[in-house]
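Asker: One structure, as structure tokens, below. Some questions next.
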Amino acid sequence: MMKNGFLFFIGLLAAFVFGWGGIALASHLQLGALAPYYDDGEASTFPARPPGLAARGQLVYADLGCASCHTQQVRRPDFGSDKDRGWGERQSVARDYIHQVRPQLGESRTGPDLANLAGRKAPYDGAELTQFLYTGIVPGARVLSHPPYKFLFDDRKIVGEVSAHALALPAGLAPAAGRQIVAGERARTLVAYLQSLNTPYEFPEARPATPAAAAKEGAPK
Amino acid sequence: MSSPSTTAEVTGADTVGRWPLLLLLASGLVWLVLSGVLALIASIQLHSPAFLADCESLTHGRVTSLAETTFIYGWAANTGLGVALWVLGRLGGAPLRALNWAVVGTLFWNAGISLGLVGIATGDATSFALLEMPRYVQPLLVAAYVAIGVSGILAWSGRRTDGTFASQWYAVAALFLFPWLLIAAQTMLLWSPVRGVLQAVVNGWYVQGAFSLWLAPLALAGVYYVVPKATGRTLPSYEFASLSFWTLLFVGSLTGGRHLIGGPVPAWIPTLANAACTMLLFHYAVVALNLRGAFSGGSTALRFISFGLVAYLLGAVLDAVTAFRGVALVTQFTSFATAQQQLALYGGISMFLFGSLYFAVPRLTGRAWASAALLRGHLALASFGVVLLVVTLAAAGWTQGQDLNHAATSFADIAAHTRPWLLGVTAAQGILLLGNLLLLVNFAISVSSVCCSAPAENSFRQPSTMEAHAS
């Protein structure tokens, strides 16, 4: 086989197709047609489609490379501390992502998971998130915990009224008198995206298969 | 294998291929230094988040992508291709053909990368690991790669020797398979993207495929040629080499799902990866058996290769161990995964490439390396730098992983706990950058001496005069 040129190339191609078929094609056949879940009780399908502003914000999230420090995948409650950290009550499932153009699963947790950011018990509101992007300091804290992305904002002179998108910054960080820090379009769409990250609906496949429930189902009647 | 010590050290294949191949190697070295600068910036940002935060082109995400892209597509690809073509030319028994295609391909490949980097820095990155370059440069990359590869494929199909060698199989596999891999990944991720989490699955397959079907074969092509040449001995246990080769090609890319443990994907994907990682150990064991002669040492090339061999094997063992759920529970999503990646790509692939480069360049230029001191300096800095880099990243990752699993530990505390290790990472990146600068300077002096002085009178030298000894 090694000496026969043609057979060697067939072998190489077979190796490639084996890996491609085994992973890429096989998973596509399994999940490629995954549909939203229709809930009779609520007469609605889940997951909901994200609003347009959030879809644009996802592009900002992607091109700034936020996924290099943040995951968007909650693991099941008995695997890691995801639930205990309040990142989500249930694990993320494939159906959560079907409407996302470019899912940002991520591979690093230098920062917290964001899959369910807007659904957490004590979420930050839009104004706080916007300010956080500018200062890099969590509201109420003192130290820097995130790179301050000031380039997403404009430092502008106040002409007439203060802009509706101007930040209300604390004393130490406020701009000079007569000036304002205004959230640019990218900052606003990014915040809209972050606020859309929510996985409230419990799909059947996301319910944890607890040993107790399994034992109950399997118990002789 | 071949009988090295009797053949002329500078062959016809070398003089014909001199400038096209040196162009590939030089491009690789320039990208290596640039990627070192970018990796240094990225490592500083991990412990000092405000560093260059106001520079939009260098957010941590973008600078990480830039460093990875220059390292893989700039350094490893250019150098690996240069080495693979050189090996195929020499073992084919005839001067390389279609080298004008290779030169044009090299120019367009590097132009494509440059354009891709500008794209990433200005906000066109695709956000897929190892496929960050925007889609408008992707077709160019495929075409340029094929143009470079033609020369190697011709050398293989028109070879004038009876037998074939392991280094030829690996070189041809890398030349032939990467375009297929790249086209498949581009189609499924960029041109007609698959839905939802399937993108992460396909991306994982591509990242692993790029290692198993492309980078590892490129690097192995060089060392399977250099080790018997430099030691003057045939490879032991050579009869297993072909089985090892096919194991890598068939099983390698199946391990791509090991980063998706516990993720929102079908459970069979990480489970398959776990099994495949263990099966793949056969390939690594055979490589170790075949190349163990590298430890007999002596020349600089063998020092780099024996370091690379240890890292290559250790990387495989760590991959297999961390593919188990219990271990992944700590290491997943932390810089431990980065440590594994750097161990494989820097400790394994790059050290193999350094070894082949140190062996090949004197034979391409017809004279020894300009400075033995620079060479020793590079060996010392690169070896120490890789060890420090991998150890500090792994320690930071293990600390981070244990803290992450303890829900009461805040991210501010995790940052404080990992900070000493992350400072070590920055030091390691600085050391590696310095070492690679030494190599670039040495390379520039060695190559420029070919143009600026008369060609060597007698290019048929004894092998011993070609080797700069490390001690």
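The values are calculated or read from the model by the stated rules, or taken from the named source; none is laboratory data. Values in this document were obtained by computation on a predicted structure and should not be read as measured data. With ideal geometry, Cβ positions are generated from the backbone for all residues, glycine too; neighbour counts draw on all protein chains shown. What goes into the accessible areas is simple: the full protein's heavy atoms, side chains included, and nothing from ligands, DNA or RNA. Shrake-Rupley method; radii C 1.70, N 1.55, O 1.52, S 1.80 Å.
Asker: If the reach is capped at under 16 angstrom between alpha carbons, list the aspartates and glutamates near residue A:83, excluding any in the same chain fewer than eight residues apart.
Answerer: List returned: A:113, A:202, B:403.
Asker: While we're looking at this one, here's another question. At a Cα cut-off below 12 Å, give the aspartates and glutamates reachable from residue A:150, other chains included and same-chain residues fewer than 8 away excluded.
Answerer: Straight-line reach from residue A:150, under 12 Å: B:54, B:56.
Asker: By per-residue mean of other Cβ atoms within 10 Å, what is the highest-first order of A:39-49, B:70-80, B:120-130?
Answerer: Numbers: A:39-49: 11.4, B:70-80: 26.0, B:120-130: 20.5.
The peptides rank, most packed first, as B:70-80, B:120-130, A:39-49.
Asker: How far apart, in nm, are the 7 Å Cα→Cβ label points at residue B:380 and residue B:310?
Answerer: Those two pseudo-labels are separated by 1.7 nm.
Asker: Rounded, prolate or oblate: pick one for segment B:142-263, where a ≥ b ≥ c are the square roots of the eigenvalues of its C-alpha gyration tensor, a/c under 1.5 means rounded, and failing that, prolate if a/b is larger than b/c, else oblate. Intermediate results must be reported in sequence, preceding the final value.
Answerer: Working: a/c = 3.22, a/b = 1.68, b/c = 1.92.
Oblate.
Asker: Here is a further query. If you find the alpha carbon centre of segment B:6-65 and of segment B:153-179, how far apart are they in angstrom?
Answerer: Distance between centres, Cα-based: 27 Å.
Asker: Put simply, what bits of segment A:104-140 lose 30 Å² or more of accessible area when the other protein chains are there, versus the chain on its own (1.4 Å probe)?
Answerer: A:105, A:107, A:109, A:110
Asker: Okay, next question. What whole-number value in Å² describes the accessible area per residue of the protein assembly as shown for a 1.4 Å probe? Walk me through the numbers on the way to the answer.
Answerer: Details: 26650 Å² over 692 residues.
Computed with neighbouring chains in place, this is 39 Å² per residue.
Asker: Which cross-chain or sequence-distant (5 or more) residues have an amide H under 5 Å from the amide H of residue A:37, H modelled 1.01 Å from N in plane?
Answerer: The list, which skips near neighbours in sequence, is A:46.
Asker: Now, a different point. Need the per-residue list for segment B:253-298: every residue with at least 40 Å² less accessible surface in the complex of protein chains than in the chain by itself, probe 1.4 Å, sorted by number.
Answerer: By number: B:254, B:262, B:264, B:266, B:268.
Asker: Something else about it: Compute a Gaussian network model of chain A, connecting alpha carbons closer than 10 Å, and tell me which residue from A:127, A:24, A:192 fluctuates the most.
Answerer: A:24
Asker: D for segment B:256-360, whole µm²/s, Stokes-Einstein with Kirkwood Rh over alpha-carbon pairs at 25 °C and 0.890 mPa s: what number? If you can, show how the numbers build up before the last one.
Answerer: Values: Rh = 14.7 Å.
The diffusion coefficient I find is 167 µm²/s.
Asker: With angles folded into 0 to 90 degrees, how steeply does helix B:166-186 sit against the dominant principal axis of chain B? Use alpha carbons for both and round to 10.
Answerer: Roughly 40 degrees, rounded to the nearest 10.
Asker: Right, next: For residue A:179, which sequence-distant residues (separation of 5 or more, or a different chain) have an amide H within less than 5 Å of its own amide H, given hydrogens modelled in the peptide plane?
Answerer: A:158
Asker: Show me the helices of chain A, taken as full DSSP H stretches, that run 20 Å or more along their long axis by Cα and average 0.0 or above in Kyte-Doolittle hydropathy.
Answerer: Numbers: long enough: A:5-19 (22 Å, 2.43).
Helix filter hits for chain A: A:5-19.
Asker: May I pose another question? With a 1.4 Å probe, how much accessible area is buried between chains B and A, both sides summed, in Å² to the nearest hundred?
Answerer: Chains B and A together bury roughly 6100 Å² of accessible area.
Asker: Could you tell me, in Å, what Rg and Dmax come out for the Cα atoms of segment A:37-204?
Answerer: Radius of gyration, then largest Cα-Cα span, for segment A:37-204: 17.6, 57 Å.
Asker: Run the numbers on segment B:56-91: which residues show a drop of 30 Å² or more in accessible area, chain on its own versus all protein chains together, using a 1.4 Å probe over heavy atoms?
Answerer: Relative to the lone chain, where solvent access is computed with a 1.4 Å probe, segment B:56-91 loses at least 30 Å² at B:56, B:59, B:60, B:61, B:62.
Asker: For residue B:373 and residue B:325 in the same chain, what is the full-extension length gain: residue separation times 0.36 nm, less their Cα-Cα distance, in nm?
Answerer: Details: separation 48, 0.36 × 48 = 17.28 nm, distance 4.68 nm.
Gain on extension, residue B:373 to residue B:325, equals 12.6 nm.
Asker: Measuring from label point to label point, each 7 Å out along Cα→Cβ, what is the residue A:156 to residue B:161 span in nm?
Answerer: 7.0
Asker: In degrees from 0 to 90, rounded to the nearest 10, what is the angle of the helix B:372-404 Cα long axis to the longest principal axis of chain B?
Answerer: Tilt relative to chain B: about 20 degrees.
Asker: I need the calculated FRET efficiency for the pair residue A:176 and residue B:441, taking r as the beta carbon distance and R₀ as 56 Å, to the nearest 0.05. Could the numbers behind the result be given before it?
Answerer: Details: r = 48 Å, r/R0 = 0.86.
After rounding to 0.05, the efficiency reads 0.70.
Asker: Also, I was wondering about something else. Please report, as a whole percent, how much of the solvent-accessible surface of segment A:37-204 comes from carbon and sulfur atoms (probe radius 1.4 Å). Could the numbers behind the result be given before it?
Answerer: Details: 4250 of 8110 Å².
Carbon and sulfur together cover 52 percent of it.
Asker: Something else: Between residue B:234 and residue A:39, what is the spin-label point distance in nm, taking each point 7 Å from the Cα along the Cα→C-beta axis?
Answerer: 7.1
Asker: If you don't mind, another one. Using a Förster distance of 30 angstrom, determine the FRET efficiency expected from the C-beta separation of residue B:271 and residue A:84, and round it to 0.05.
Answerer: Working: r = 26 Å, r/R0 = 0.86.
It comes out at approximately 0.70.
Asker: Still on this structure: Along each principal axis of its Cα atoms, how long is chain B end to end? Whole angstroms, biggest number first, please.
Answerer: Largest first, chain B extends 72, 43, 41 Å along its Cα principal axes.
Asker: Once both axes come from the Cα atoms, what is the angle between helix B:268-291 and the longest principal axis of chain B, in degrees from 0 to 90, rounded to 10?
Answerer: Helix B:268-291 sits at roughly 30 degrees to that axis.
Asker: Counting alpha carbon pairs within less than 8 Å and at least 6 residues apart, what relative contact order, in whole percent, applies to chain B?
Answerer: Answer for chain B is 18 percent.
Asker: At a 1.4 Å probe radius, carbon and sulfur cover how many percent of the accessible area of segment B:12-448? Show your work: numbers first, answer last.
Answerer: Details: 9220 of 12970 Å².
With neighbouring chains kept in place, the figure for segment B:12-448 is 71 percent.
Asker: While we're looking at this one, here's another question. Quick one: check the C-alpha center-to-center distance for segment A:118-155 versus segment B:284-326, whole angstrom.
Answerer: 46
Asker: If you average 1/r over every pair of different alpha-carbon atoms in the protein assembly as shown and take one over that average, what Kirkwood value in Å do you get?
Answerer: Numbers: mean 1/r = 0.0377 Å⁻¹.
One decimal place: 26.5 Å for the Kirkwood radius.
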